[in-house]
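Trainee: Have a look at this one.
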Amino acid sequence: MFQSKPHPDSVLHSAHWGTFAAHWDGRDVEITPYPGDPAPSPILGNFRGALRHQARIRKPMVRKAWLDNGPGPQRRRIGDPFVECEWDTVLDLLAGELARVRDGFGPQAIFGGSYGWSSAGRFHHAQSQIHRFLNVACGGYVRSVNSYSAGASGVILPHILGSFEGVSRRNVTWDQIREHTDLVLAFGGMAVKNSMIAGGGISRHVEPGAMLAAARRGCRFVTVGPQRDDLPEEAAAEWLPLRPGTDVAVMLAMAHTLLAEDRHDRAFLDRYATGFEPFARYLRGVTDGRPKDADWAAAISAVPADTIRELARALVAGRSLIVVSHSLQRAEFGEQPVWAAAALAAMVGQIGLPGGGYNYALGTLGHTGRRNVAVPTPTLSQGRNPVEAFIPVARISDMLLNPGAPFDYNGRRLEYPDIRLVYWAGGNPFHHHQDLARLHRAFDRPETIVVHDLAWTPMARVADVVLPATMTLERDDIGAAGTDPLMVAMRRVAPAVGEARDDYAIFSDLAERLQAGAAFTEGRTVMEWLAHLYEPTRRALAELGADAPSFEAFWERESIELPQAPDDGGMLRGFRTDPEANPLPTPSGRIEIFSETIAGFGYDDCPGHPVWMPSTEQPDEAAPLWLIANQPATRLHSQLDFGGYSQSRKVGGREVARLHPDTAAARGIATGDVIRIFNARGACLAAAELSDAVMPGVVHLPTGAWFDPAPGGEGVDDEAGAFCVHGNPNVLTRDVGTSRLAQGCCGQVTVVECEKYAGEAPAVRAHVPPVGA
Ligand code: PGD
């Protein structure tokens, strides 16, 4: 798939999934992974065939119905025809529309939340560009807070441990695990398909090597979850198959075992935690008459009671580390596994020790388990947003469908704003959001939708104004992440396709039309911006006495190594060493096993200490199987779904769904069959693969296949829901918040039935441009 030696004319470039050398031969790119990377990601292969793929947007386009009828709520369908426009015409039209909404309804009528990962470069980062533009030229916008990744944990961790970063990214490192850890208990595993990704770039994929070295030294890895391969072969892991969504019961039972056998660390709890007593009463069943013992948890989770007890004892027998993956909290009551694991780890008493304690989300991104960079990395200022209204990011459909309705969030009662114009750059809601039939209805409500993207994603196809953005390989940028030692001069590899322009160029011209050109560009060209953004890093390097080349020298060299901060365990180590001098940034300064603050909110779906609450959606006769809809291994989210590697892993052009041979046999399904996966919200087709790495009773369909409601762009029906012929699981997932505390997304798990598809399956047309393009 890759060239072993870079072409002599290659230049260095970077993506969220790796650093690489690239050469454009006029038709396609040759890719060679960065030589210092011990385990390059296969998804670098998605650049093959992507630059000139038919899915690229080549000209500015306007949806015909919007052009004919003007702005207003309207039925928008993925099969709608578009009309080509000249750049000047479309920018005049769009500037006029932005001014109409801004001046008529105020910036609080513009939704610029625009969630999405876009590309790695720090200047052409679409989120930063759009937010800067809306602040500078439109007087602000309604924003979104938190993420689809860590919707629940991002809100609860500050209440109970004080800092999301301090518990996830600046905590235990892979080096500590190699050296110190005896047991890694990973709820939801630590799949390398996730840790191969780091926003801003990643030059070395160290995780498989570190797990191999630790396992060889004798470290025991245990993965708890419905899929065996959530830990790589290198970890030589034990697999505890567990019914989806029941981890909290197992965590509570481990805590109960420690309590009942008096193995918990009382001294640690006394000194470092608050609220253990009410939690202990709950564990014993004093409050609800139901002790949370291992037998109780075994019946809920399918993990044998003896295994739960043995593992609880093992946690206190040596240096142990508890890990919880993001996936667990992307579900109803997703706050609970994050909190229950923290309470269990506090009882074990190793929080803050090298290689021990609790590292939320270790291995779920390449940002975790690493040392941090000791100097600032380039960041584009987004300006100031005076609009106060915001939504938790996954409440987009609720907002568009219910303007003015109240909702709860983290102790506040807020109101959904009334949105007239939606502006999106660098994200794909028809990939990332749940219940796509509902999202589709919600996108009928705004008067105007604008999208910049490099390709005809389903989001672009429901937009009114679609502007072609360049792809990362078509522009110069700087790649850097606060957790990677390599800062990369990302050199342009290929000319832009068609009339595609950089997001920056598009926003500059729009800002000019809105009399904010100079404020937006500050008079800088792209190269002048890169030099400007590089300067704080260079200055900090010089102050440290490190190699601090001029911008020109950095650009010539193509990369520099940045110094790393010490591997010192961060906030939790400091707290352990001296809790009076270094209290946690929680209300009590300690680990909050009971939170007065959260209890004070009075939420029945997130009470004052961790509790077991089964999901309100359970398998039943109509939908007897669990569906796991997690991150894909063949691309980042939905990005470059049309690229070489992603395509090579589809079967008949469809996404692959895995199911256990027993589950398949009961339905007469064989590997390679087209299957229909369905529930009350919708249905999708996928190609079946039988695998004993998946628990019986579970279907695994990763996200990222572009929503393809064929035939003819219909397939979204108010009664039957959405039907996707390509394999997008978000037609099936639930659009509810994790709880009133965080309102995070619940996309990870739902219930479904599946069957062999009868008849000729409709062809996948997800990557074919719309009529008129
Ligand atoms: P991407 O596919 O990365 O998905 O959701 P997100 O929207 O981030 O979308 C990025 C878009 O940016 C792509 O369309 C790409 O073409 C475009 N793009 C790339 N570079 C540029 C550029 O320079 N300019 C412009 N204008 N566009 C660009 C991800 C989200 O999905 C996340 S983070 C998570 S963790 C969630 N995970 C799940 C899950 O586990 N299960 C379910 N069911 N659903 C999920 N959704 C969430």
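The values are calculated or read from the model by the stated rules, or taken from the named source; none is laboratory data. Here the structure is a predicted model, which means the values were calculated and not measured. Quick reminder, even Gly has a Cβ in these numbers, built from the backbone with ideal geometry, and neighbours come from all protein chains shown. Note: areas computed on protein heavy atoms with side chains; ligands, DNA, RNA excluded. Shrake-Rupley method; radii C 1.70, N 1.55, O 1.52, S 1.80 Å.
Trainee: If I take every Cα pair under 8 Å that is 6 or more residues apart in the chain, average their sequence separation and divide by the length, what percent do I get for the relative contact order?
Mentor: Values: 1931 pairs, mean separation 161.4, N = 773.
Relative contact order of the chain: 21 percent.
Trainee: Where nothing but the Cβ of Lys and Arg (+1) and of Asp and Glu (-1) is charged, how large is the charge dipole of the chain around its Cα centre, in debye to the nearest 20?
Mentor: Numbers: 73 positive and 90 negative charges, 58 e Å.
I would put it at about 280 debye.
Trainee: What number comes out for accessible area per residue over region 625-756 if the probe is 1.4 Å? Units Å², please. Can you show the working numbers first?
Mentor: Values: 3720 Å² over 132 residues.
Ligands and nucleic acids excluded, the figure is 28 Å² per residue.
Trainee: Percent antiparallel among DSSP beta bridges with both residues in region 625-756, to the nearest 5? Spell out each step's value before the answer.
Mentor: On the way: 20 of 30 bridges.
If we restrict to bridges inside region 625-756, about 65 percent are antiparallel.
Trainee: Sticking with this structure for a sec: Of Val375, Pro468, Pro610, which is farthest on the positive side of the dipole of the chain, counting Cα position, with +1 on Lys and Arg Cβ, -1 on Asp and Glu Cβ, and the Cα centre as origin?
Mentor: Positive-most Cα among the choices belongs to Val375.
Trainee: Pick out, from Asn728, Thr703, Ala693, the residue whose Cα sits farthest towards the positive end of the charge dipole of region 625-756, with +1 on the Cβ of Lys and Arg and -1 on the Cβ of Asp and Glu.
Mentor: Ala693
Trainee: So, one more: Restricting to the chain, compute how many DSSP beta bridges are antiparallel as a %, nearest 5. Could the numbers behind the result be given before it?
Mentor: Details: 48 of 94 bridges.
Of all bridge pairs located within the chain, approximately 50 percent are antiparallel.
Trainee: Next question, about the same structure. If the viscosity is 1.567 mPa s and the temperature 4 °C, what translational diffusion coefficient in µm²/s does Stokes-Einstein give for the chain when Rh comes from Kirkwood over Cα pairs?
Mentor: Details: Rh = 26.8 Å.
Translational diffusion coefficient: 48 µm²/s.
Trainee: Within straight cross-link reach of Lys756, meaning Cα distance under 22 Å, which lysines are found once same-chain residues fewer than 8 apart are removed?
Mentor: Of all the lysines, those that pass the test against Lys756 - Cα under 22 Å, at least 8 places apart if same chain - are Lys650.
Trainee: Using a Förster radius of 45 Å, what is the FRET efficiency between Arg52 and Glu556 based on their Cβ-Cβ separation? Nearest 0.05, please. The partial results should precede the final answer.
Mentor: Values: r = 29 Å, r/R0 = 0.65.
Efficiency for this residue pair is about 0.95.
Trainee: With +1 on each Lys and Arg Cβ and -1 on each Asp and Glu Cβ, how big is the dipole of region 431-543 about its Cα centre, in debye rounded to the nearest 20? Spell out each step's value before the answer.
Mentor: On the way: 12 positive and 18 negative charges, 36 e Å.
The calculated dipole for region 431-543 is roughly 180 debye.
Trainee: Take every DSSP beta bridge with both residues inside region 217-370 and express the antiparallel ones as a percent of the total, to the nearest 5.
Mentor: Numbers: 0 of 8 bridges.
That works out to approximately 0 percent antiparallel.
Trainee: Report, to the nearest whole %, how much of the accessible area of the chain belongs to carbon and sulfur atoms, 1.4 Å probe, protein only. Mind showing how you got there, number by number?
Mentor: Working: 12720 of 25750 Å².
Here carbon and sulfur together make up 49 percent of the probe-accessible area.
Trainee: Can you grab the distance from the C-alpha centre of region 272-330 to the C-alpha centre of region 110-133, Å, no decimals?
Mentor: When both Cα centres are located, 41 Å separates them.
Trainee: Expressed in nm to one decimal, what extension gain is obtained for the pair Asp662 and Glu261 from 0.36 nm per residue of sequence separation less their Cα-Cα distance? Mind showing how you got there, number by number?
Mentor: Working: separation 401, 0.36 × 401 = 144.36 nm, distance 3.87 nm.
Going from the current span to full extension adds 140.5 nm.
Trainee: Then there's this: When a/c reaches 1.5 or more, the comparison of a/b and b/c decides; with that in mind, is region 625-756 rounded, prolate or oblate per its Cα gyration tensor?
Mentor: Because its axes are fairly even, with a/c under 1.5, region 625-756 counts as rounded.
Trainee: Aspartates and glutamates within cross-link reach of Lys59: Cα-Cα under 15 Å, excluding same-chain residues under 8 positions apart?
Mentor: Glu84, Glu86, Asp88, Asp453, Asp464, Glu499, Asp502, Asp503
Trainee: Okay, next question. At 1.4 Å probe radius, can you tell me the per residue accessible area of region 536-596 in Å²? Don't skip to the end; give the middle numbers.
Mentor: On the way: 3130 Å² over 61 residues.
Dividing the accessible area of region 536-596 by its residue count gives 51 Å².
Trainee: Using alpha carbons only, how many angstrom separate the centre of region 486-552 from the centre of region 428-446?
Mentor: 33
Trainee: Within 10 Å, at most 13 other Cβ atoms, and a DSSP state outside H, G, I, E, B define an exposed site. Report the longest part of the chain free of exposed GluC sites (Glu not before Pro).
Mentor: Numbers: sites that count: Glu86, Glu261, Glu388, Glu522, Glu580, Glu621, Glu714, Glu719, Glu760.
Within the chain, the longest run free of exposed GluC sites (Glu not before Pro) spans 87-260.
Trainee: Now, a different point. Of Ile78, Gly106, Gln129, whose Cα points farthest to the positive end of the dipole of region 54-167 (charges on the beta-carbon: +1 Lys, Arg; -1 Asp, Glu; origin at the Cα centre)?
Mentor: My answer, from the dipole projection, is Ile78.
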